[in-house]
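Asker: Here it is, the structure in full.
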Amino acid sequence: MLNGSQARDRVVVAFDALTGGGVSRCALDRGGRLLQWVQGGSGTPVVLEAGAMSPVAGFAAVFKGLVSEHRVIAYDRASYGASDPAPLSLDGQVDDLIAVLEEAGPSVVVGHSWGGLLAQFATWTRPDLVTGLVLLDPSHETFWTDAPPEASADRTRPAADDPRTEDVLAFGHELAADVARSVGADQHLTQLLTDACLSYLETDAQLFTYLDELPMILDHVDDLTARRRQAVWPEIPVVLLTATKGRPPEFTPQVIAVQEQLATECDGRHQVVPDSGHYMHIDRPDLVIACVEEVAG
């Protein structure tokens, strides 16, 4: 546990108010840099893995719904939130997730979007650490096969100079408002949750990570494909949820077909959710919570 003042830790303050107390900040030393998370509750560990360009604070409603029965760990990838910066790499992100799981013990992993793909990589690498998966609109390498390369940010200049930063900040404010609505927050809690979400977009290191994560992913499409070809699925419960609300109709059949194939490969259950957009933990936290309980047994 960290000894710093929690009054300055906006995610802890917001989640503590949301759940009625008992939320703490924890950290793991990864060779001189800290990988950090907030946690609450006790029981079966549940590790929350956010998508690209997304704060794990977006899982607020799911965290609240699970913390009475589980030890819930909402961790920040390197350079996100409270975690120290580190060079962006696929191996680094997978290894960090595995390190969190080693610290937590065998866990249910809930992964959204890119986080859903990282959760799969961690499962294939260390099946002893994953007791079940809940994959929320998980990314798949085939979705990026024809995507053009995307340039990384020029880190010799402030992040504010990148023309994409304005859109990142605007979307961050929209997402923060959605997170507050997902828990039915009053005015005070809305402000706390908004501050918590926006604390992920304050430093150049944080903004550069938001800008550069997708280019890093696109650079690894061949590697992602190779890893899936070599994957061996353990016998664990897996639930996949696919959102269709707001998805371009010309892409929806392809996405559903890919996730159906994934469910077949892992002997999991696939559910299409037409009343949810991509951020399922915000639009349908009740369903996500039910799926975690299903997987946790």
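Where a number appears in this text, it was derived from the coordinates with a stated rule and is not lab data. Note that the structure is predicted; figures quoted are calculated from it, not measured. So basically every Cβ, Gly included, is an ideal-geometry build from the backbone, and we count neighbours across all protein chains shown.
Asker: Let me know the whole percent of all Cα-Cα pairs from the range 7-114 that are separated by more than 16 Å.
Answerer: Values: 3103 of 5778 pairs.
Of the Cα pairs, 54 percent sit more than 16 Å apart.
Asker: Would you mind estimating how fast the range 88-149 diffuses translationally, via Stokes-Einstein at 4 °C and 1.567 mPa s with the Kirkwood radius over Cα pairs, in µm²/s? Can you show the working numbers first?
Answerer: Numbers: Rh = 12.0 Å.
Reported coefficient: 108 µm²/s.
Asker: Computed over the Cα atoms, what is the radius of gyration of the range 165-236 divided by 2.2 N^0.38 Å, N being its residue count? Write out the running numbers ahead of the final one.
Answerer: Working: Rg = 17.6 Å, N = 72, 2.2 N^0.38 = 11.2 Å.
Taking the Cα Rg and dividing by 2.2 N^0.38 Å, one obtains 1.58.
Asker: With viscosity set to 1.002 mPa s and temperature to 20 °C, compute the Stokes-Einstein D of the range 46-187, Rh being the Kirkwood radius across alpha carbon pairs; µm²/s, no decimals. Each step should come with its number before you reach the end.
Answerer: Working: Rh = 16.5 Å.
Stokes-Einstein gives a translational diffusion coefficient of 130 µm²/s.
Asker: Using a 7 Å offset from the Cα along the Cα-to-Cβ direction at both Trp233 and Val272, what is the distance between the two label points in nm, to one decimal?
Answerer: 1.9 nm
Asker: Can you pull the semi-axes for the chain, root of five times each eigenvalue of the Cα gyration tensor, sorted largest first, whole Å?
Answerer: Details: eigenvalues 132, 109, 79 Å².
Listed largest to smallest, the semi-axes of the chain are 26, 23, 20 Å.
Asker: Here is a further query. Quickly rank 248-255, 273-280 as a protection proxy: mean count of other C-beta atoms within 10 Å, highest first.
Answerer: Numbers: 248-255: 10.9, 273-280: 17.6.
Highest mean packing first, the order is 273-280, 248-255.
Asker: Continuing with the same structure: Largest first, please: the extent of the C-alpha atoms of the range 126-179 along each principal axis, to the nearest Å.
Answerer: Cα spread of the range 126-179 along its principal axes, largest to smallest: 44, 32, 22 Å.
Asker: Same structure again: Sorting check: for 172-185, 222-235, which peptide has the highest mean count of neighbouring beta carbons within 10 Å, and how do the rest follow? Kindly include the intermediate steps, with their values, before the conclusion.
Answerer: On the way: 172-185: 17.9, 222-235: 12.6.
The packing order, highest mean first, is 172-185, 222-235.
Asker: Right, something else. Please say if the range 106-213 is rounded, prolate or oblate, where rounded means a/c under 1.5 for a ≥ b ≥ c the square roots of the C-alpha gyration tensor eigenvalues, and otherwise the choice is prolate for a/b larger than b/c and oblate otherwise?
Answerer: Details: a/c = 2.11, a/b = 1.15, b/c = 1.84.
Since a/c reaches 1.5 but b/c is at least a/b, the shape of the range 106-213 is classed as oblate.
Asker: Would you please put 112-124, 92-104 in order of how densely packed they are, using the mean number of other Cβ atoms within 10 angstrom per residue and starting with the highest? Don't jump to the answer; show the numbers that get you there.
Answerer: Numbers: 112-124: 25.0, 92-104: 19.8.
Ranking the peptides 112-124, 92-104 by packing returns 112-124, 92-104.
Asker: Thr225 to Glu69: extension gain in nm, 0.36 nm per residue of separation minus the Cα-Cα distance?
Answerer: Details: separation 156, 0.36 × 156 = 56.16 nm, distance 3.66 nm.
So the extension gain works out to 52.5 nm.
Asker: Still on this structure: Just subtract the alpha-carbon distance of Thr264 and Thr156 from 0.36 nm times their residue separation and send over the number in nm, one decimal. Display every interim value, and only then the final one.
Answerer: Details: separation 108, 0.36 × 108 = 38.88 nm, distance 4.61 nm.
Result: 34.3 nm gained on full extension.
Asker: Given that compact globular proteins tend to follow 2.2 N^0.38 Å, what is the ratio of the alpha-carbon Rg of the range 42-82 to that value? Walk me through the numbers before you get to the answer.
Answerer: Details: Rg = 10.5 Å, N = 41, 2.2 N^0.38 = 9.0 Å.
The reported ratio for this selection is 1.16.
Asker: Oh, and also: How long is the gain from Thr142 to Arg247 if the chain were fully straight, where each residue apart is worth 0.36 nm and the alpha carbon distance is subtracted? Can you show the working numbers first?
Answerer: Working: separation 105, 0.36 × 105 = 37.80 nm, distance 1.64 nm.
Going from the current span to full extension adds 36.2 nm.
Asker: Give me a comma-separated list of calculated 3J(HN,Hα) values for the range 130-138, in order, Karplus coefficients 6.51, -1.76, 1.60 applied at θ = phi - 60°, integers in Hz, x for any Gly or Pro.
Answerer: The phi angles translate into 10, 9, x, 10, 10, 10, 9, 6, x Hz.
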